[in-house]
Amino acid sequence: MPTPQPSRQATALIVDDDHVMRLLEYETLSQFDFAVHEANDAHAALDLLSTLVPDLLLLDVDMPGMNGFELCRRVRQRWDMTRLPIIMVTGMDDLESINEAYQSGANDFVSKPINWPILGHRARYVLRSAQAVRELHELKEKQAAIVQAIPDTIFLTDRRGTYLDFKAGFGATPGLVPDAIVDRHVAEILPGEVAELVLRAIERTLQEGRIESLVYKLPLADGTHHYEARLAPSGADKVVIVVRDITLQKLNEDRVRRLAYFDTLTGMPNRQSFLERLDDELLRARRQGRVVALLFLDLDGFKRVNDTLGHSAGDQLLQAVAEDSGLIVPLGEWVMRTACRQLVEWLERGAVVPRVAVNVSATQVRGADFIGTVASVIDETGIGADQLELELTESILMDPDMRRIEGLSRLRARGVHFSIDDFGTGYSSLSYVKRFPISMLKIDQSFVRGLPDSANDAGITTAIIAMARSLGLEVIAEGVENACQADFLRRAQCDKLQGYLFSRPLQAAEVEQLLLQGRL
């Protein structure tokens, strides 16, 4: 129903079978600046209402044929008159008649004999009240439309963290319905660590009476999503929480950061990244009173190799230098021992730790005492053998020495896991894999990088997963950087994923915090 404009003269329709009463009501309402229309019975009123929508309806109750109660009910059935102000005029002042007037849909009633000046004021008051109700309803509809259109999800909670109300944002994650949220505690809906963050923010919001904000992430079916939550007090003991999905923003920030700090050709940290990392370490050392050492290695003539034969040849040369010099053996043993000691330390601090994977080179594996070295590291550090995974290169598969295979099998029987790293870039023969006690293949990131758009990469990846599963091997995909790659790999039934989509390389202290929080 259109809202009457203040500059327009209000219209009123009087329905009364008594000519004298209509005349007096007409004169009274005219003096209060109403444009007045008349009808002498209910049927005449309905005919008139088919072309006229007045601002006020004044009905006599006691009329022949259809009485005022029934006419009021008929009017209320029209969609455009559900909020039309109706005053009923009645000679009956018993409680039953008054109740029936309101139940029929009347806004007010006037008893006979009528105090005529009061009738005019009463009519104006009812009109203003109806106008206020209409404006409030329009405002609520406008607010509801705005809330419906925004992408944010809105929650209302009490001080204890119980959800009192909920509105899903436009395009928000499907599956969230009010019945599954309302009257449940935050800890029932969110993971423990996130729930604790939200509960602390709720308490701060109510204590300090100001807006709080926090950022968190949740694992969903299509990958990890990042969210920003803003909390505002609502009264003394309630909080409104507005949550926005900022996953796309985070991905864009990561892309920008990668362009700024990583070489686009090699994917390695660039000069700017190195300088900022060095500044951070120097600052941390000054705060903690420690000393930092920077080791710089240079190879004479190495630039000539890169410039002449390309960076891939340079990478291979660096492998040859380390392996041929024999440094790779003590270096590899130090890495294995350090990783195992770190895992044991985390366990002693109460963390739940998955098994740790350590890369070993072909030179190490071919060494005369490799099996003994691994057993010694396990015994000295106290690590459980089943918590250690050794990642072998594909070149090991091409050297099926029976004594070496038997040694690896003994370690496997003790609990040590073996996986093939960067599978698909070298010999890629599953017939060789079957000879070794291998339990996992790691698909090289060069194939993952082209997913899902590259038909070749998709075909190779799918084939590796299918062949590995046929042999009862687990598969892990390396270098997963976006949700599209993760979706493809999950659909292809890849067991595990690894890459920047989940986390960048972290310091041991940072990993420890994630482990203690149960996030790994």
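All of the numbers you see were taken from the coordinates with simple rules; none came from a lab. The shown structure was predicted, so the numbers you read here are calculated from the model rather than taken from an experiment. With ideal geometry, Cβ positions are generated from the backbone for all residues, glycine too; neighbour counts draw on all protein chains shown.
A few points about this structure:
- Rounded to whole Å, sorted largest first: equivalent-ellipsoid semi-axes of region 368-426, Cα gyration tensor: 21, 14, 9
- Here Trp79, Trp334, Trp116, Trp346 are placed in order of increasing Cβ neighbour count within 10 Å, fewest first, which gives Trp79, Trp334, Trp116, Trp346.
- Computed on the chain, with alpha-carbon pairs under 8 angstrom and 6+ residues apart, the relative contact order is 6 percent.
- Both radii are taken from the alpha-carbon atoms of region 96-160; with Rh as the Kirkwood radius, Rg/Rh is 1.25.
- With neighbour counts taken as other beta-carbon atoms within 10 Å, the residues Phe502, Phe436, Phe69 rank, fewest first, as Phe502, Phe436, Phe69.
- Rg in Å to one decimal, and Dmax rounded to a whole Å, for region 1-145 via C-alpha atoms: 14.8, 49
- A protection proxy built from the mean count of other Cβ atoms within 10 Å ranks the segments 475-485, 240-250, most packed first, as 475-485, 240-250.
- Rounded to the nearest 5, the antiparallel percentage of DSSP beta bridges internal to the chain is 45%.
- Value of D in µm² per second that Stokes-Einstein yields for the chain, Kirkwood Rh from Cα pairs, at 37 °C (0.692 mPa s): 106 µm²/s
- Taking other C-beta atoms within 10 Å as the exposure proxy, Thr51, Thr224, Thr153 rank Thr51, Thr224, Thr153 from fewest upward.
- Once divided by 2.2 N^0.38 Å, the Cα radius of gyration of region 150-249 becomes 1.00.
- Stokes-Einstein translational diffusion, region 223-277 - Kirkwood Rh over all Cα pairs, 1.567 mPa s, 4 °C, in µm²/s: 92 µm²/s
- Largest first and in whole Å, the equivalent-ellipsoid semi-axes of region 308-516 read 27, 23, 19, each the square root of five times a Cα gyration tensor eigenvalue.
- Under Stokes-Einstein, with the Kirkwood radius over Cα pairs as Rh, the value for region 401-482 at 37 °C and 0.692 mPa s is 243 µm²/s.
- Cα gyration tensor shape of region 1-83, rounded if a/c is under 1.5, else prolate or oblate by comparing a/b with b/c: oblate
- Remark: the chain carries a charge dipole of roughly 1440 debye about the Cα centre, counting +1 on each Lys and Arg Cβ and -1 on each Asp and Glu Cβ.
- Entry note, region 150-249: relative contact order of 28 percent, from Cα contacts under 8 Å with a spacing of 6+ residues.
- Span-like helix criteria (full DSSP H runs; alpha carbon extent of at least 15 Å along the helix axis; mean Kyte-Doolittle hydropathy of at least -1.0) are satisfied in the chain by 19-31, 116-149, 192-208, 311-324, 328-348, 370-381, 402-414, 455-470.
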